[in-house]
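Undergrad: The following block contains the structure, expressed as structure tokens.
The values are calculated or read from the model by the stated rules, or taken from the named source; none is laboratory data. All values reported here derive from a predicted model rather than from experimental measurement. For neighbour counting, all protein chains shown are included, and Cβ atoms are generated from backbone atoms with ideal geometry for every residue, glycine included. These area figures cover heavy atoms from the full protein model, side chains too; ligands, DNA and RNA do not enter into them. Shrake-Rupley method; radii C 1.70, N 1.55, O 1.52, S 1.80 Å.
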Amino acid sequence: MKLTEIAIRRPVLTFMVALAFILFGIIGVMRMAIDLFPKVELPVAVVLTVYPGAGPEEVEQEVTKELEKQISTISGVKEINSRSLENFSVITVTFEWGTDLDAATNDLRDKIDLIMGSLPKEVNKPYILKFDPSMIPVMNLVLTGEVDERVLTEISEDLEKRLQRVDGVGVVMRIGGVKNQAKLLLDLKALYQSGITLDNLLMVLKAQNLNFPVGYFNYENEKYLLRVIGRFQDLKEIENLIVGYKNNQPIFLKDICEVKWEKEEKENYVRYKGKECIFFAIQKRPQANTVRVANLLRKEVEKIKSELPENVNFAIFYDTSELIKRSINNLVNNLLLGAILAVIILFIFLRRLRATIYVAFAIPLSLFFALFFMYLFGFTINILSISGLAIAVGMLVDNSIVVFESIFRHHEMGFEPIPAAQKGAKVVGTAITASTLTTIAVFLPLLFIAGILSVFFKELSLTVTFALLSSLVVALTLIPLLTSRFFKWEEKEERGFKKMLKIGYEKFEDFYMKIINYALNHRKLVVIGVVSLFLLSLLLLFFIGFEFFPEQRIRRMEVHAEMPVGSNLYLTNKAISELEKYIMEKYGNDLEGINTQIGAAASIYQVIMRETKANNATIYLVFKKEKKGKIKLVEKDIRRKAKEIPGLKVRIASTAGYTAFAGLGGTNLNIEIYGEDLEEARRLTNKIINALETIPYLVDLKGSLEEAEPEIQFVIDRNKAMMYGLTPYQIGFALRTKFVGEIATQYRIGGKEYDIILKLKREDIDNIKNIENIFVNSQFGQVLLKDIAEIKMGKAPTVIEHKNTQRVATITANVVGQSLGKVAMKAKNIIDKIEKPAGFNVKVSGAYEEMVKSYRDLAFAVIIAIILVYMVMAAQFESFLYPFIIMFTIPLAIIGIIFILLITHTTFSLISGIGLLVLVGIVVNNGIVYVDYVNQLRREEKLELKEAVIKGCRIRMRPILMTALTTIFGLLPLALRIGEGSELWSPLGISVIGGLTFSTFLTLVFIPVLYYLFSKKTK
């Protein structure tokens, strides 16, 4: 081959090119960002709309449905999911993979702008957010202190601004704390007597509290700015504000309400290790690097800590970058250990240190080549790209082994070093190129698949491709150069350990030849045996569980808790405090930190990400490293303890793990109930939950319509209301101001603004009788609420969900102690037996649905990969028969995968499936090496069929074992669950090792038998 000849003829050029790639690889590594996963842009956007004071049904009818109609007309929309909650409409729009999300969100804005005029005027302009893994916080911080909560809140506001200025920070969410506010507590009787309407009162307060720019005035060659100064300077000024007249006498604000300067009412409780705190969740910008942003934040936190008072503490609660760095370090260590094991296997077979070094040189050089191309393609150093290198590390020497062995054989035939190198490389050049292409070809189908399989594993497949192509170039250039110029060819007598290795190999070779002779004489028995083994392995599939991603354990747990619907903040806090205290007392020594958040949302992101009502709470636990194995027991114990607390239910998330950071986390199993009637849907939900509770592996069952929220309904008598010139909107606005309060204006002190809020005193609305006697101002005077409306007690849904504009109720559950696939099938069987009302249907979805879709794509990818591998081999052999024989190595690999998954108690997941895809390209290489050589023996040495088959087995056993064992031992550290994060990538290593081990040893027997049978027939 010309490439080999140039490399041998110009050694300095060859070495300089190799050093250049090493240098570029080092530069690439230094400049590549570190992250947990590749940059995955999920084709998902969220439309969040605030409708103050509206219940779920009003939000659904007046906002959600109208927006859904518009959104459904946008091209590229795959699915629309919505949740109508109290005050909020949350619509999640999923687009087809490959959609330009920037253009899609612009279309969303345009469509929404078209109907803004037809929505109720109280509806705020919708927020449109691209759902991005960067929405998951990079770092969580806590601020605690032995100071008043309001002082701590003011400190936190300053810290929020400082953290926001850190390079790469996108959003800083501050949760907890209370501010002061000026409360104008209305005296209902005095307000009634004054005749002042709430609308007029709000208008007066706003008009009286402003600074107004007038313009400019030129006087005596100077220009003056003119301003009207009217902002409130102190509370006395507010109290003495004239808000109206009666009988020509002024009515002061203090006459109709009590003005108080006090802290706002608590909407949530936030604690760190049991103490009140303010919690910061910091998100990075979409294109920013997690580790870099976290490092900058750490520096800023240290600077802030040095400036804070001694009685105030600022600490890191959870840092995502630490998880990333630990995981990547573990994976890199596995890669290096795999490389060392592969080199040891080389030495055992070659028994020459210099030969081992020359062949092993392919590993670092190919890795640096690959790292350079990774840098050029804009990859990051992440779990999947490093997994790609770890998969490839054992295969990087395969081509070099074949070339070296061929060169060595030609030298023994009498060729001088340089001709031996040229001839040896030329003889096997086509074969190793074909075998490399078959391995690479298996990743091509991922280009034809739209979805998570393609996006998620793109970097892994390209990294393997870069590494293998690099190893091919090294095998065809550096190996011939090194062996022709620097290798000492003289034979030395082997002694000691080397002699033992040689004797051991020769004995194994003799044993193998006996097996081959027996197999060729009992061909039917061998074929029947292998076919039976394959059929048995297929039967064993029923004993292997199936899941989307492997169960992952990280040192973090989320306990989502809820009290019965309608529970107030005080009751929820009391129950959660009991659970929190129990966890701290029993597991305090095992925890690095515990953060509790109870009640209302602090930002729009929280509305999207979790339940945020007064009866909801989340406890975040971060465990110490040495206690990681204890997490399952803690999880079980928390569930047990929660059952002892009246009314408390918990759902625990500790197994979503790493995939959650790519936006793929969530509940294991979702059940969707489609139907329009909410009451029927609620009854069916409860019926299904009761039935599913019989499955021991399903925990944390929760239905979206399981409970209805109690409500007081004001049923307006339209005729009576119209007599007073009142509409439902005017009545509703007046009541909302009196009950909830209305921010009239802001009060500024020292550059900070505080709300001035107008509302009724608590004692005026503490029972139904008082509520009936609330009055509403009309153009004909004041009218009591009971005269224009009937007050009824009722129930309303807490949330109304839609999927593709159709009403849907959901049941969520976690799967524990069993595979997702098995539990989902059991759940489906139970649901199928339940009688459904007319117009209702039930579907199992969630992670199970995604798993089924991904498996379908994976099956397609494997089939296409098999076809491509066959086509590459057919082109190499110029034959349809020999590639067909070699393809039988793939069923042998499947036998290995099934057996090893069963032996290691590993479920089949998407990660194991990628291992199967990789194997399709690897296992055929042994067959290629064997069949190609037997064909040469028959063609060039004119050997008889059986003689050629037997000689081919003896000569090719060594390179086949070497290439297979270096790959197997190179992957061994990846397969062993060593270190944090190993649960995710371990099934990949396990499946490849199992498949390659079985296929290699069966190939050494089965492929020669098949070759003999088919060749004999064609002959």
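Undergrad: Specify the inter-centroid distance of the stretch 136-210 and the stretch 706-750, based on alpha-carbon positions, in whole Å.
TA: When both Cα centres are located, 22 Å separates them.
Undergrad: Pulled fully out, how much extra length does the chain show between residue 109 and residue 763, if you take 0.36 nm times their separation in residues and subtract their Cα-Cα distance?
TA: Roughly 231.0 nm would be gained on extension.
Undergrad: Here's a follow-up. Can you pick out the pairs among 69/161; 78/458; 636/822 whose Cα atoms lie more than 28 Å from each other?
TA: Result: 69/161 exceed 28 Å.
Undergrad: May I ask which of 206/254; 39/325; 795/833 have a Cα-Cα span longer than 27 Å here?
TA: Exceeds cut-off: 795/833.
Undergrad: Go through the stretch 141-202 and name the GluC sites (Glu not before Pro) that are in a DSSP coil and have 14 or fewer other Cβ atoms within 10 Å of their Cβ.
TA: Taking the stretch 141-202 and a limit of 14 other Cβ atoms within 10 Å, the loop GluC sites (Glu not before Pro) found are 146.
Undergrad: Related question: Ratio of alpha-carbon Rg to the 2.2 N^0.38 Å globular estimate for the chain, to two decimals, please.
TA: Cα-based Rg divided by the globular estimate yields 1.18.
Undergrad: I need the calculated FRET efficiency for the pair residue 542 and residue 856, taking r as the beta carbon distance and R₀ as 25 Å, to the nearest 0.05.
TA: FRET efficiency, residue 542 to residue 856: 0.80.
Undergrad: Can you give me the relative contact order of the stretch 748-794 as a percent, contacts being Cα pairs under 8 Å and 6 or more apart?
TA: Details: 23 pairs, mean separation 9.7, N = 47.
Over the stretch 748-794, the number comes to 21 percent.
Undergrad: Which FRET efficiency value, to the nearest 0.05, do you get for residue 313 and residue 33 by plugging their Cβ-Cβ distance into 1/(1 + (r/R0)^6) with R0 = 35 Å?
TA: It comes to 0.65.
Undergrad: Right, next: Once label points are set 7 Å from the Cα along Cα→Cβ at both residue 838 and residue 260, what is their separation, rounded to one decimal in nm?
TA: 5.6
Undergrad: If you average the alpha carbon positions of the stretch 936-961 and of the stretch 803-823, how far apart do those two centres end up, in angstrom?
TA: 57
Undergrad: Out of the trypsin sites (Lys or Arg not before Pro) in the stretch 81-162, which ones are loop residues according to DSSP with at most 14 other C-beta atoms within 10 Å? It would help to have the intermediate numbers written out before the result.
TA: Values: sites: 83, 109, 111, 121, 130, 150, 161, 162; in loops: 121.
Qualifying residues, ordered by number: 121.
Undergrad: Counting only protein chains, not ligands or nucleic acids, how are 448, 373, 379 ordered by accessible area (probe 1.4 Å), most first?
TA: Final ranking, largest accessible area leading: 448, 373, 379.
Undergrad: R0 = 56 Å: FRET efficiency of residue 772 with residue 826, Cβ-based, nearest 0.05?
TA: Values: r = 53 Å, r/R0 = 0.95.
Taking R0 as 56 Å, the efficiency between residue 772 and residue 826 is 0.60.
Undergrad: Calculate, in nm to one decimal, what residue 240 and residue 162 gain on full extension: separation in residues at 0.36 nm each, minus their alpha carbon distance.
TA: Value of the extension gain: 24.2 nm.
Undergrad: Straight-line reach from residue 702: which aspartates and glutamates fall under 14 Å, measuring Cα to Cα and dropping same-chain residues less than 8 apart?
TA: Once the sequence-local aspartates and glutamates are set aside, what remains near residue 702 is 562, 611, 672, 693.
Undergrad: Right, next: Please enumerate, by chain and number, the lysines with C-alpha under 26 Å from the C-alpha of residue 524, excluding those fewer than 8 residues away in the same chain.
TA: Output for residue 524: 514, 946, 951, 1016, 1017, 1019.
Undergrad: Continuing with this model, one more query. Among the listed pairs 284/574; 179/643; 266/641, which are separated by more than 29 Å between their Cα atoms?
TA: With Cα atoms farther than 29 Å apart: 284/574; 179/643.
Undergrad: Could you tell me the extents of the stretch 225-367's C-alpha atoms along the three principal axes, largest first, rounded to whole Å?
TA: If we take the Cα atoms of the stretch 225-367, the spans are 113, 46, 29 Å.
Undergrad: Now a separate question. Roughly how many nanometres apart are two label points built 7 Å out from the Cα toward the Cβ at residue 322 and residue 6?
TA: For the pair residue 322/residue 6, the computed spacing is 5.2 nm.
Undergrad: Given contacts defined as C-alpha pairs under 8 Å and at least six residues apart, what's the relative contact order of the stretch 332-447, whole-number percent? Provide the component values of the computation, followed by the final result.
TA: On the way: 63 pairs, mean separation 27.6, N = 116.
For the stretch 332-447, the relative contact order is 24 percent.
Undergrad: Here's something else I'd like to know. What lysines does residue 792 reach when the alpha-carbon gap must be under 20 Å and sequence neighbours fewer than 8 apart in one chain are set aside?
TA: Within the straight-line cut-off, residue 792 pairs with 720, 738, 769.
Undergrad: Sticking with this one: Which of the GluC sites (Glu not before Pro) found in the stretch 241-307 are loop residues per DSSP with 15 or fewer other Cβ atoms within 10 Å of their Cβ?
TA: Taking the stretch 241-307 and a limit of 15 other Cβ atoms within 10 Å, the loop GluC sites (Glu not before Pro) found are 265, 267.
Undergrad: Starting from 0.36 nm per residue, how many nanometres of slack lie between residue 221 and residue 793 once their C-alpha separation is accounted for?
TA: Gain in length upon complete extension: 198.7 nm.
Undergrad: Could you tell me which residue out of 26, 396, 50 lies farthest along the dipole of the chain toward its positive end? Charges go on the beta carbon: Lys and Arg +1, Asp and Glu -1, centred on the Cα centre.
TA: Of the candidates, 396 comes out farthest on the positive side.
Undergrad: Considering only protein heavy atoms, what per residue accessible area in square angstrom results for the chain with a 1.4 angstrom probe?
TA: Dividing the accessible area of the chain by its residue count gives 44 Å².
Undergrad: Could you tell me what percent of the accessible area of the chain is made up of carbon and sulfur, with a 1.4 Å probe and every protein chain present?
TA: On the chain, the fraction of accessible area on carbon and sulfur atoms equals 57 percent.
Undergrad: Each label point is 7 Å from the Cα along the Cα-to-Cβ direction; what then is the distance between the points at residue 818 and residue 574, in nm?
TA: For residue 818 paired with residue 574, the spin-label model returns 3.8 nm.
Undergrad: Moving on to the next point. As a check on your grasp of the helix formula, calculate [θ] at 222 nm for the chain: sum -39500 (n - 2.57) over DSSP H runs of n ≥ 4, divide by the residue count, round to the nearest 500.
TA: On the way: 35 runs with 545 residues, N = 1019.
Result for the chain, helices only: -17500 deg cm²/dmol.
Undergrad: Would you be so kind as to identify which of 532, 595, 633 lies farthest towards the positive end of the dipole of the chain, taking Lys and Arg as +1 and Asp and Glu as -1 on Cβ and the Cα centre as origin?
TA: Value: 532.
Undergrad: If you average the C-alpha positions of the stretch 267-318 and of the stretch 540-594 separately, how far apart do those two centres end up, in angstrom?
TA: Each part reduced to its Cα centre gives a spacing of 23 Å.
Undergrad: Mind putting a number on the dipole of the stretch 120-165 about its Cα centre? Charges go on the C-beta only, +1 for Lys and Arg and -1 for Asp and Glu, and I need it in Debye to the nearest 20. Could the numbers behind the result be given before it?
TA: Values: 7 positive and 9 negative charges, 92 e Å.
My answer is approximately 440 debye.
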